[in-house]
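The structure appears right after this line, and notes come after that.
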Amino acid sequence: MIGPEDKLPFTAHLEELRNRLIKCFIAVGIGFVVSFGFKERLFGILVQPLLKVMEKGDTLIFTGLPEAFFTYLKVSLLSGIMLASPMLFYQFWMFVAPGLYQKERRVLIPIVILSSVFFLTGSLFGYFVVFPYGFKFFLGFATETIKPLPSMKEYLSFSSKLLLAFGLVFELPLVLTFLARFGIVSVAFLKKNRKYAILLFFVGAAILTPPDVVTQIFMALPLIVLYEISILGAKIFGKKAPEKTPEESEA
């Protein structure tokens, strides 16, 4: 394998990117095919947080003839992405690998494993913690004259965006620790910019989540905790600053 001192031509980078994207598509495709055989069960699992807070006897609806069919296709695709996430992260980090030195590449396999764990943990946090409170909040606007009739398509679009968003934001500690490991950021930098990071977390949560305070807080607060974990990870695994020699200290 080549190191950062061995420059690859731009066309070689494009060729490698194309090959890795093809492998990603194949992995997602295999996950999609496997998931499609369980599409009704998968959608039933996905919709459980909503059904638990709906009134007894209420159900989801579909308003177009092909809506249910395409919803099942999208559920299978979402599940395929989840199943293929280890391969997706592996291809991403292997694409980054040629820019690293040999000793730096040794941490890539643990990073790939942790990337998958953090992503799935974030998605599960959204499913088990955020969904029940968020759906209860939205259904709280129902009255005797206003009845909620959520459709399959709308629910899938809403829930899949949240699952993917929470999965990605939970990658924060890993990304910042990785940057600290290779000297791009430091513990001092992370501590100094903590207040700006918190502001960005709330702004990002407002963009990524629906326009309600509950889900925004449920995303922003874990991000603050994850940021503190990132500082700890940077402190443990970050690149150590070279010690000054006596001559440099006197200067």
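Describe numerically, in nm with one decimal, the distance between label points set 7 Å from Cα along Cα→Cβ at Leu139 and at Ile229.
If labels sit at Leu139 and Ile229, their model points lie 3.0 nm apart.
³J(HN,Hα) across segment 63-71 via Karplus (A = 6.51, B = -1.76, C = 1.60, θ = phi - 60°), whole Hz, x for Gly/Pro?
Those phi angles translate into 9, x, 4, x, 4, 5, 4, 5, 5 Hz.
As an exercise, take the mean of 1/r over every pair of distinct alpha carbons in the chain, invert it, and state the Kirkwood radius in angstroms.
Result for the chain, one decimal place: 20.9 Å.
Give me the net charge for the shell around Gln91: Cβ to Cβ below 11 angstrom, other residues only, Lys and Arg +1, Asp and Glu -1.
Spelling it out: positives minus negatives among the neighbours equals +1.
Sort 194-203, 147-156 for me by packing, meaning the mean count of neighbouring Cβ atoms within 10 Å per residue, highest on top.
The packing order, highest mean first, is 147-156, 194-203.
Given Lys74/Lys136; Lys74/Lys161; Lys74/Lys153; Lys161/Lys195; Lys192/Lys235; Lys39/Lys147, which pairs have Cα atoms separated by over 18 Å?
The answer is Lys74/Lys136; Lys161/Lys195; Lys39/Lys147.
Suppose the chain between Leu65 and Phe128 were pulled fully straight at 0.36 nm per residue; how much longer would it get relative to their current alpha carbon spacing?
19.6 nm
Under a Cβ-Cβ cut-off of 14 Å, what is the net charge of the residues other than Leu164 that fall near it, where Lys and Arg count +1 and Asp and Glu count -1?
Around Leu164, the charge tally is +1.
Going by how many other beta carbons lie within 10 Å of each one, how would you line up Thr11, Thr145, fewest first?
Placing the least packed residue first, the sequence is Thr145, Thr11.
Suppose the chain between His13 and Val214 were pulled fully straight at 0.36 nm per residue; how much longer would it get relative to their current alpha carbon spacing?
Residue separation times 0.36 nm, minus the Cα-Cα distance, leaves 68.0 nm.
Mean-square fluctuation check for the chain, GNM, Cα pairs under 10 Å: which of Leu163, Leu88, Leu232 is largest?
Result for the chain, Cα springs under 10 Å: Leu232 fluctuates most.
Summing -39500 (n - 2.57) over the DSSP H runs of n ≥ 4 in the chain and dividing by its residue number, what mean residue ellipticity at 222 nm do you reach, to the nearest 500 deg cm²/dmol?
Helices in the chain give a 222 nm mean residue ellipticity of -24000 deg cm²/dmol.
Can you tell me the order of 90-96, 116-122 when each peptide is scored by its average per-residue count of other Cβ atoms within 10 angstrom, highest first?
Sorting 90-96, 116-122 by mean packing, highest first, produces 116-122, 90-96.
Pairwise over distinct Cα atoms, reciprocal of the mean inverse distance: report the Kirkwood radius of segment 130-240 in Å, one decimal place.
For segment 130-240, the Kirkwood estimate is 15.7 Å.
Which whole-number percent is the relative contact order of the chain (Cα, under 8 Å, 6+ apart)?
21
Taking amide H positions as placed in the peptide plane 1.01 Å from N, state which residues far from Ser151 in sequence (5 or more) or on other chains have amide H under 5 Å from it.
Under 5 Å from the amide H of Ser151 lie the amide H atoms of Ile61, each far enough along the sequence or on another chain.
No lab work stands behind these numbers, since they all come straight from the coordinates. Keep in mind that this is a model prediction, so the values were computed, not measured. Backbone-built Cβ (ideal geometry, glycine too); neighbour counts: all protein chains shown.
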